[in-house]
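Worksheet: the structure to be examined is printed underneath.
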Amino acid sequence: MLGRAAAIVSLLAVGCASAPSPTPAAPSTANGPADAEAAAASKRWRALTRAKKADEARALCTPWLTSSSKRLAAEGHKCLANVELIGSYKLQPRGRTEGGREGEVLGGYAGPGVDRAIDHLTQAIALAPNDLSAHQGRLHVAINSARVPNAPALLGDSLARYRGPEATEDWLAYAQELWELRAGVIGLEYMRVLEKFYPDDHRVAGNVGTFLISLKRDDEALAYLRRAVTLAPNDAIDNWNLGRFHDKHGDPVSAEPFYRKAVSLEKDPERHQDMACNFGRFLTGRPATRAEGCALADKECGGRIPECGATPVAP
């Protein structure tokens, strides 16, 4: 999928989900003795769970649950959540969401440990609400299990509790996972939760628009795609998505300036090449721009495309 990292889904292409890590990230800073103790504890339990030493990790972490230090108790719950997930990540049919392809097999967590893991992470959040890793872990487990319909409510709970450093991109990262699961209804509900908290974020507006399109609610989607460009006129992906919308609806004249601007703005080499190649193909569709399109496609698509005919043979 073409899209900025952990920020916005794009209409250009759809990629495949990669196997996620079952261990939520550890707190990144230690601002006092309690934080230092929690950070040290985190390193210990993460080493054990990565090695799949469930019994050793459980024995280490269970006593922490009654600690007078809320941070250490939270680490205990995070540890036990990961213990519950050891061995539960399996390839399985994922037609459980409304958008799942019939017969599609993807990785995910299964079994009774999923509910227990989410419960442990919820308790960790109650003890340390500004520990972003606990919020991330809970969303990660839900989205990669049969609990995916709960993701919007879990996000709402996290946003109501979390008061740590800015984490908009972290919340947006899970929109990408929902898109890759083709969970359009759930993805839109998830983005609506984010919209309540970040109504003027162009990435949120753009993602609402793309999920609406996935649900064939194009009339509603157009307003969001336009709003994303209004909020961030120089964002390459927002411009691309609006151009793609017009292109899809048979309006190449309206699509071209947004496509052209997106290509000029995109700085990431791989995304720029993808955009430029597709823009070249688009330009070949009209006589007035065919020559420009063929030249661009020759340069960016890795060889002459069928629309432009055979490559001339040198004498």
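The values are calculated or read from the model by the stated rules, or taken from the named source; none is laboratory data. Computed from a prediction, not measured in an experiment: that's the story for all the values here. So basically every Cβ, Gly included, is an ideal-geometry build from the backbone, and we count neighbours across all protein chains shown. The area values use the complete protein model at the heavy-atom level, side chains included, leaving out ligands, DNA and RNA. Shrake-Rupley method; radii C 1.70, N 1.55, O 1.52, S 1.80 Å.
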Which residues, counting only those in segment 204-247, are of a type in the set (D, E, K, R) and touching a residue at least 60 places away in the same chain (Cβ under 8 Å)?
238, 244
Quick one: in segment 219-270, which of the residues that are acidic (Asp, Glu) and part of a helix (DSSP H, G or I) is surrounded by the most Cβ atoms within 10 Å (Cβ to Cβ)?
238
Consider residue 202 against the criteria (1) under 13 Å from the mean Cα position of the chain (by Cα); (2) under 24 Å from residue 242 (Cβ atoms); (3) of a type outside the set (A, V, I, L, M, F, W, C); (4) open to solvent by 10 Å² or more (accessible area, probe 1.4 Å): it satisfies all of them except one. Which criterion is unmet?
(1)
Of 121, 155, 181, which residue is under 30 Å from residue 234 (Cα atoms), more than 12 Å from the chain's Cα centre (by Cα) and either at pLDDT 95 or above or crowded, with 18+ Cβ neighbours inside 10 Å (or both)?
155
Filter segment 285-301 for residues that are touching a helix residue (DSSP H, G or I) at 6+ places or on another chain (Cβ under 8 Å) and either among the hydrophobic types (A, V, I, L, M, F, W, C) or in a loop (DSSP other than H, G, I, E, B) (or both) and give the result.
285, 286, 294, 295, 296, 297, 301
Which ranges mark the helices (runs of 4 or more DSSP H) fully within segment 114-208 that have 2 or more residues being under 30 Å from residue 64 (Cα atoms)?
132-143, 151-161, 168-180
Please enumerate the residues belonging to segment 159-177 that are of a type outside the set (A, V, I, L, M) and either open to solvent by less than 60 Å² (accessible area, probe 1.4 Å) or touching a residue at least 24 places away in the same chain (Cβ under 8 Å) (or both).
161, 162, 163, 164, 165, 168, 169, 170, 171, 174, 176, 177
Starting from segment 140-156, take each residue that is closer than 12 Å to residue 117 by Cα and list its partners that are among the polar types (S, T, N, Q), counting only C-beta distances under 6 angstrom and pairs at least six apart or across chains.
142/150
Pick from segment 49-75 the residues that are free of Cβ contacts under 8 Å to residues at least 24 places away in the same chain and open to solvent by less than 30 Å² (accessible area, probe 1.4 Å): which of them is nearest to residue 144 (Cα to Cα)?
61
